[in-house]
Every structure is written in C-alpha cells, then in structure tokens.
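Each value in this text was obtained by applying a stated rule to the coordinates, not by laboratory testing. Quantities reported herein were computed from a predicted structural model and do not represent experimental measurements. No Cβ is skipped: glycine too gets one built from the backbone with ideal geometry, and neighbour counts run over all protein chains shown.
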Amino acid sequence: MRVVWLTDLHLNFVESDAIEQFLSSVIKDRPDVVLLSGDTGEASSIIGYLERIRARLQRPIYFVLGNHDFYRGSIRTVRTAIREYVEETPWLTWLNDAGVIALTPEVALIGHDGWADGRSGDYERSSVVMNDYLLIEEFAGLSRRARLQRLHALGDEAAAHLRAVLTAAFATYRRAILVTHVPPFREACWHEGQISDDDFLPHFVCQAAGDAILGVMAAHPECELLVLCGHTHGEGVARPAPNVVVLTGGAEYGAPEVQRVFILEGAHLPIQPAAPPSALPDSK
C-alpha cells in the first residue's frame with residue numbers, strides 16, 4: 001500500500017492553476033490512500049478545498065483539521081459542517097469521528113485534530129499572540145486566563161479521544177499511524193531546524209495528547225506508533241519513547257508539497273531511529 005502524507009497546504013494562499021499542478025503531482029505518486037494533517041484552508045473554504053481534492057484524487061482521503069481551518073469562523077460550526085459533509089461524501093473520512101481504521105491487516109489508522117493546550121513552555125510569560133485568538137469565535141474577546149482554560153479543554157478533548165482510540169487499536173493491531181495537526185511533544189515542535197522555545201511552545205504543542213500517547217504506549221511496549229503532524233511548518237523527527245516516532249511536516253505558504261510517500265508492506269511501519277526525514281526508508 002502506498003500512503004501519501006500531506007500537511008499545511010494552506011490552499012487559500014495558492015492560485016487555482018497551482019493547486020491543479022499540485023494535485024497532479026500527488027496523483028503521480030500513485031497513492032492508495034492520502035493522509036491530510038490539517039490547515040487546508042479557512043472556515044469559509046475548507047469544504048470547497050476538500051471537495052476539490054476529493055474530486056481530483058478519487059482515492060480514500062483521511063484527514064484532520066488544523067487551527068487555520070477554523071479562521072473567520074468557529075470550531076463548533078466548522079466541525080458540524082464537516083461532519084455533515086463527510087457523511088454524504090465518498091472518499092473522505094474525518095478522523096475525529098472515525099475510530100480505528102484498518103489500513104492493512106496489521107496496521108491501524110487513527111487521528112484527531114488536536115490543539116495547542118498552553119501546557120508546554122511558559123504560557124504566563126509568552127508574548128506570542130496567535131491569530132487563532134483573534135480569528136476563531138471561541139477565542140475572540142477572552143481574557144488571557146479564560147483563553148488558557150479554553151486551550152486546556154481542547155487539549156483534554158484531543159487527549160481523551162487519542163487515549164480511547166489507541167487503546168482500541170492495540171487490542172487488535174500491533175502497529176498504528178496517528179494523524180494529528182498539532183505536535184503532541186515539545187521534541188516534535190520543530191521550526192527552522194530547532195525546537196521552539198518556551199515563548200512559542202504553549203501555542204504549538206498539545207501536551208495533554210502527548211501524555212495520553214505515552215501512557216498508552218508504555219502499557220503496550222510490544223506495539224509501535226508513527227505520529228504524523230504539522231502546524232509548525234518546520235520539518236523534523238522525534239522519538240519521545242522507544243516505540244514512538246513523530247514526523248513533523250515542513251510547509252511554506254503558497255507552495256504546497258507532498259511530505260512523504262510511505263510503503264506499507266505486511267506488518268511493516270516506516271519507523272526507524274531518529275534521522276532526517278529524507279533518510280527514512282520507504283519514504284520520499
């Protein structure tokens with residue numbers, strides 16, 4: 001099975017002809033399935049871009065949403081619209097609602113949007129003000145303390161989901177791929193070749209999700225997990241536990257690209273000791 005991974009496409013920054021060229025390049029990679037780890041558009045355009053991708057690729061597409069996908073809208077209304085759209089649309093699966101999916105008889109797929117939860121780094125001293133806090137309805141107008149409580153709630157939601165679906169997956173499978181938008185570990189919060197500092201980490205890591213992942217993986221030492229995430233626009237590899245590898249995708253506004261092409265054969269997962277992504281076997 002050929003699995004193509006995409007992330008942080010930000011198609012609202014891309015001309016229509018360039019979107020077509022990009023989708024043609026995805027087709028040339030001959031995917032059996034496509035994994036999309038968020039930030040495809042904005043609230044008013046996300047469904048249109050998903051429809052364009054679906055219509056052009058005509059292959060199973062498993063996706064999560066990123067923070068930009070809610071810009072100029074609300075988390076509640078976008079998620080409701082996505083849920084209704086996916087229910088009536090072939091090829092598209094939103095991983096928040098999907099539970100455990102069999103990619104192969106040996107490898108499961110799970111996922112959740114995730115959200116930076118303010119627990120990593122130093123939220124109290126951070127000078128970073130994300131556009132999320134201005135352009136997403138659930139954050140607009142909140143005090144700094146109320147915003148942190150909202151971030152905690154969103155992170156806890158992601159953690160609870162991942163804890164449940166990982167546990168369910170490892171009841172049947174020994175290997176799984178997890179797709180999320182926000183890095184679940186500070187070690188995976190790459191930007192320009194470095195790990196982000198305490199100023200940025202609160203807004204770019206979902207620590208609750210990472211804690212949930214480590215708890216489940218410690219209880220299943222015989223199992224392996226590959227995490228695919230984005231959000232930081234910085235490419236990198238992290239190994240937060242012996243049986244967990246996290247790939248963070250790189251991105252540049254206006255220049256969408258394929259992150260990786262993975263080959264799944266039998267019980268194989270492209271998990272190796274931490275190395276530059278280009279050095280991973282069976283990857284593009």
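Below, the figures for the structure above:
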item: Ranked by how many other beta carbons lie within 10 Å on average, peptides 108-119, 26-37 from highest; result: 108-119, 26-37
item: Highest average packing first - 80-93, 250-263, Cβ atoms within 10 Å; result: 250-263, 80-93
item: Label of the coordinate-derived value, volume of the Cα convex hull per residue in Å³, listed as [x] 146; [y] 168; [z] 114; result: [z]
item: Length added when fully stretched, ASP199-ARG125, from 0.36 nm per residue minus Cα-Cα; result: 25.9 nm
item: √(5λ) per eigenvalue of the Cα gyration tensor, the range 7-101, largest first, Å; result: 20, 17, 11
item: Packing-based order for 210-218, 192-200, using average beta carbon neighbours within 10 Å, highest first; result: 210-218, 192-200
item: Net length gained if the chain between GLU15 and SER44 were fully extended (0.36 nm per residue, minus Cα distance); result: 8.8 nm
item: Rounded FRET efficiency, nearest 0.05, which uses the C-beta distance separating ARG145 from ARG2 and R0 of 41 Å; result: 0.30
item: Fraction of antiparallel bridges per DSSP, the range 2-279 only, in percent to nearest 5; result: 30 percent
item: Furthest towards positive pole of dipole, CYS189, LEU148, TYR133, structure part the range 114-272, Cβ charges; result: LEU148
item: For the range 84-139: rounded, prolate or oblate by the Cα gyration tensor [a/c cutoff 1.5]; result: oblate
item: Gyration tensor (alpha-carbon) shape descriptor, the range 61-203, a/c threshold 1.5; result: oblate
item: Inter-label distance, nm, simple model (7 Å from Cα along the C-beta direction), THR89/ALA255; result: 2.8 nm
